[in-house]
1. Can you name the number of the only condition in (1) acidic (Asp, Glu); (2) exposed (fewer than 11 other Cβ atoms within 10 Å of the Cβ); (3) modelled with pLDDT under 70 that GLU5 fails?
2. With the condition kept exactly as written, say whether any residue in the stretch 49-65 is modelled with pLDDT under 85, assigned to a loop (DSSP other than H, G, I, E, B), in contact with a helix residue (DSSP H, G or I) (Cβ under 7 Å, 6 or more places away or on another chain) and not small (Gly, Ala, Ser).
3. Tell me which of these VAL30 doesn't satisfy, since it passes every other one: (1) outside any loop (DSSP other than H, G, I, E, B); (2) surrounded by 10 or more Cβ atoms within 10 Å (Cβ to Cβ); (3) modelled with pLDDT of 80 or more.
4. Among what's in the stretch 66-101 and is among the small types (Gly, Ala, Ser) and at pLDDT 80 or above, pick the residue that is surrounded by the most Cβ atoms within 10 Å (Cβ to Cβ).
Amino acid sequence: MSSVEWDITTHKIERKQMPYVNIKLTDEAVTQKQKEELITDVTLLLQNVLNKTPKTTVVVIDEINVDNWGIEGETVTNSIYAQSILNSLKTNSKLLPFYIG
């Protein structure tokens, strides 16, 4: 499970519009190649859809630790942990009962 947040704003530089895209991802094994692909594809998207020049397009990727990202009232870490336990129980009926408190 990877969470993504997009923030697209425009900054003025010398009377020109500079698109700024901020991508926020949970830090769950996103490779350097995937990050490069995101930056390239977002830049091309802004060029193709909004006629923005790649030369002035800025794309920033922030990786957020899953302990610092919450969904449905709990951290992503806890949600992933709980989900992995439930999946283990479904696939291995020999696990001993336990308590999550």
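The values are calculated or read from the model by the stated rules, or taken from the named source; none is laboratory data. Here the structure is a predicted model, which is why all the values come from computation and not from measurement. Cβ sites come from the backbone with ideal geometry, for glycine too, and all protein chains shown count toward neighbours.
1. (2)
2. Checked the stretch 49-65: no residue is modelled with pLDDT under 85, assigned to a loop (DSSP other than H, G, I, E, B), in contact with a helix residue (DSSP H, G or I) (Cβ under 7 Å, 6 or more places away or on another chain) and not small (Gly, Ala, Ser).
3. So the condition that VAL30 fails would be (1).
4. SER79
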